[in-house]
Every structure is written in structure tokens, then in C-alpha cells.
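The values are calculated or read from the model by the stated rules, or taken from the named source; none is laboratory data. Please read all numbers here as calculations on a predicted model, not as lab measurements. Note that each Cβ is placed from the backbone with ideal geometry, even for glycine, and that neighbours are counted across all protein chains shown. We work out accessible area using only protein heavy atoms, side chains counted, and drop any ligands, DNA or RNA first. Shrake-Rupley method; radii C 1.70, N 1.55, O 1.52, S 1.80 Å.
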Amino acid sequence: YICAITLGAPVADPVDHWVNPACVPGLWLAESGGVRRGMWTVTWLLDLLGPELAERAAREGVSREHLIEAEAVSTPAGSDGLLTVLDWLAPTDHPFRKGAMLGFDARHTRGHLFRSVLESIALTMDHHVRAMLAGLGRPLADADLVVTGGGAGGDLFLQIIADVFGITAHRLVLPTGASPASLGAAACAAAAVGLHASIESAAQAMAPARQAVEPRPAEQAVYRSLAEGVYPHLRAATDPIFRQTYPLFHDATTE
């Protein structure tokens, strides 16, 4: 997961983001930091929960995500204190880092595990997006937040995104099998062959409907407390442990 916004001109010496040319001539994309193996971690968790979940989903004709979301939606914001550190794929400059879940107690269920991963994805992206926007001098309140990709199909994830960011979150209502990337490519192609006068007019004509989800004040307050007082300090707590264990389980000669 990353976040991208359009710019009218490239930014010199960007901070907390990088800049690439956009597909529209004269525009640029500012792209935030992201989450390494975000929704991959969701799939990993579902696989780890075993075949029972998959077999039940097959019997009911739904996805595994649909079943586990039904359990996770009843858990409170913050997952009763279960925190996830999303380092299942360590960054190259900190190879010792590992994924972690902190704060288990007897209340926690597999629904809590699922929700905690989704919350960590949203909170991580909130941190990266706010850092990018601060560097660009843009307020988050003015952002048009559209969630795409596999996670956008989950009602719970979209609601968590809205609650964490504190603004309306949207997803595109697309035909089965379609993707925002393919639709964008089609808009560029339509403009190139003259079906539309420009990429902008093609995008406007071809843009699908949106579904909007509003943030909920109580949940938003919980997530702001986590985002500002807890998540920034998680790796300061876990890094020393993983630095010590890393050489025990990784042979430097085979890295």
C-alpha cells in the first residue's frame, strides 16, 4: 500500500515522499511511504488459521475474508489492546525487523487478530500520508481519500480507514473483474485514439460511481490516541529484541 496525490510541478528535495511523472502530461505524482506486505499479511493470517475456515467458506459460497470479517466487526476499535507491527517483510536498511503482535490476553479471538492487522495497515498509512502532506504543506482535511486494491473490497477495512484518517473514505464501484489500474489505462488509451479529447475528459466520462464511508467519532478518538501515543513507539520497544535474536537465526554468509 502507498498513497499518491497529483502535483502541478515536481518538488525539489522531497521529504517523506518521492515524485514521479503522472500519466497526464504536465502533472506529477507524489507518493508516500507504504506498507510492505500489507494485505499479504492478511492472507498469511487466513492461511495460518487453517483449513476449517476455508472449508466453511466454500460450503457457504463466500470468501474467507467475509467469514473472518463477520467475527472482527464485533470487536472494538483498538482490538482490545492487540497491536500489530507490520514487518513481515523487513526493510533492507533494518533486516533484523520482524512482524509482531503485542498485547494478548484471554479476550482475544481470531477476529481480533484479523482486525489488528487491518488497523495496523491503516495506522501505518495514516502516519505516512500525514508526513507526506506536511512536507507538501497540504491539510489532510482537503484530501479526497479513495481506497483501491484488494483491501478496498472489505467493508470493515474501509470503515477502519475512515475512522483512522478521520475523513470520508471512498471506494470505486467497479464491474466484477475490473480494477482501477485497468480503468485508468483504458482512459489513457481512449484519449490517445481520439475517443475523448483528453485524458481528463476520458477519466470524467469513464469514472465509476463511488461508495462513501464516514468516520465515526468514538472510533476516531481511539485511533488518534493510538496513532499519536502508541504506534510511533512500537519499534523502539521491539527493535532491541529483534536485533539480539537476528544473528541467532540468520547466517550472514547465506544472506
Worksheet item: Being farther than 30 Å from residue 119 by Cβ, out of contact with any helix residue (DSSP H, G or I) (no Cβ under 6 Å at 6 or more places or on another chain) and open to solvent by 90 Å² or more (accessible area, probe 1.4 Å), is that true of even one residue in region 203-217?
Response: yes
Item to complete: Sort out which residues of region 12-38 are more than 21 Å from residue 188 (Cβ to Cβ) and open to solvent by less than 50 Å² (accessible area, probe 1.4 Å), and write them in order of number.
Response: 17, 32, 33, 34, 35, 38
Worksheet, complete the sentence: Going through region 90-136 in order, the residues found to be open to solvent by 40 Å² or more (accessible area, probe 1.4 Å) and touching an Asp or Glu at 6+ places or on another chain (Cβ under 7 Å) are 97, 98, 107, 109, 110, 135
Worksheet entry | When residues of region 186-230 are limited to those that are within 24 Å of the chain's Cα centre (by Cα), at pLDDT 95 or above and assigned to a loop (DSSP other than H, G, I, E, B), the one farthest from residue 25 (Cα to Cα) | 230
Worksheet item: Restricting attention to region 233-247, which residues are closer than 15 Å to residue 85 by Cα and not charged (D, E, K, R)?
Response: 233, 234, 236, 237, 238, 240, 241, 242
Worksheet entry | Members of region 231-249 found to be surrounded by fewer than 16 Cβ atoms within 10 Å (Cβ to Cβ) and among the β-branched types (Val, Ile, Thr), listed by number | 241, 245
Worksheet item: Do any helices (runs of 4 or more DSSP H) lying entirely in region 33-133 carry at least 2 residues that are touching a Leu at 6+ places or on another chain (Cβ under 8 Å) and in contact (Cβ under 8 Å) with a residue 60 or more places away in the chain, and which ones are they?
Response: 38-48, 64-72
